[in-house]
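One structure is given below, encoded as structure tokens.
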Amino acid sequence: MAEPCIFCKIARGEVPAQMIVNNKEIVAFRDLNPQAPVHILIVPKKHVASLDDANDSDLLGRMMVLAAALARQEKIARSGYRTVVNTGRDGGQSVDHLHIHLLGGRPFTWPPG
Ligand code: AMP
């Protein structure tokens, strides 16, 4: 049966997205509902439901290194940026496929809402 997950569909090219990176294991694309001038999602192609299900530390590391590289590419590294992994209900996760948000281009406050 076809995988219903929206990020799996984007990773397979079945649903359009503003794709920035598409390598053998990771895709990065612009968020449909951006919360900052730069809002990119970094997503493993393999379906992993959340950080709670993630066990590939090498892949997680490569996702973080890619986030930093994209921040430089998007010219937000100097001003600063935020990386976020929402996990589960209280974490505010709405798509059950692991992803890192890369947000920048404006200041963020702390603590988060
Ligand atoms: P989260 O709440 O951490 O699970 O974040 C999911 C993010 O995915 C939200 O910021 C949504 O705006 C974004 N999103 C959902 N569907 C799409 C889509 N088809 N293309 C791009 N971004 C999406």
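Worth a mention:
- Within region 84-113, residues that are within 8 Å of the ligand (Cβ to nearest atom) reach partners that are open to solvent by 30 Å² or more (accessible area, probe 1.4 Å) and in a helix (DSSP H, G or I) with beta carbons closer than 6 Å, at six or more positions or on different chains, in the pairs Val85/Leu51.
- Matching residues, region 81-111, being small (Gly, Ala, Ser) and out of contact with any strand residue (DSSP E or B) (no Cβ under 7 Å at 6 or more places or on another chain): Gly88, Gly91, Gly92, Ser94
- The lone criterion from (1) surrounded by 16 or more Cβ atoms within 10 Å (Cβ to Cβ); (2) within 12 Å of the ligand (Cβ to nearest atom); (3) free of Cβ contacts under 8 Å to residues at least 60 places away in the same chain left unmet by Ile40 is number (3).
- Count - residues of region 1-37 that are part of a loop (DSSP other than H, G, I, E, B), near the ligand (Cβ under 9 Å from one of its atoms) and over 17 Å from Gly92 (Cα atoms): 4
- Taken across region 43-59, residues that are among the polar types (S, T, N, Q), open to solvent by 80 Å² or more (accessible area, probe 1.4 Å) and in a helix (DSSP H, G or I) do occur, with at least one present.
- If you go through region 73-96 and keep only what is open to solvent by 100 Å² or more (accessible area, probe 1.4 Å) and among the hydroxyl-bearing types (Ser, Thr, Tyr), you end up with just Ser94.
The values are calculated or read from the model by the stated rules, or taken from the named source; none is laboratory data. These numbers were taken from a predicted model, which means no experiment stands behind them. Cβ atoms come from the backbone with ideal geometry, glycine included; neighbour counts cover every protein chain shown. Just so you know, the surface numbers come from the protein's heavy atoms only, side chains and all, with ligands and any DNA or RNA stripped out. Shrake-Rupley method; radii C 1.70, N 1.55, O 1.52, S 1.80 Å.
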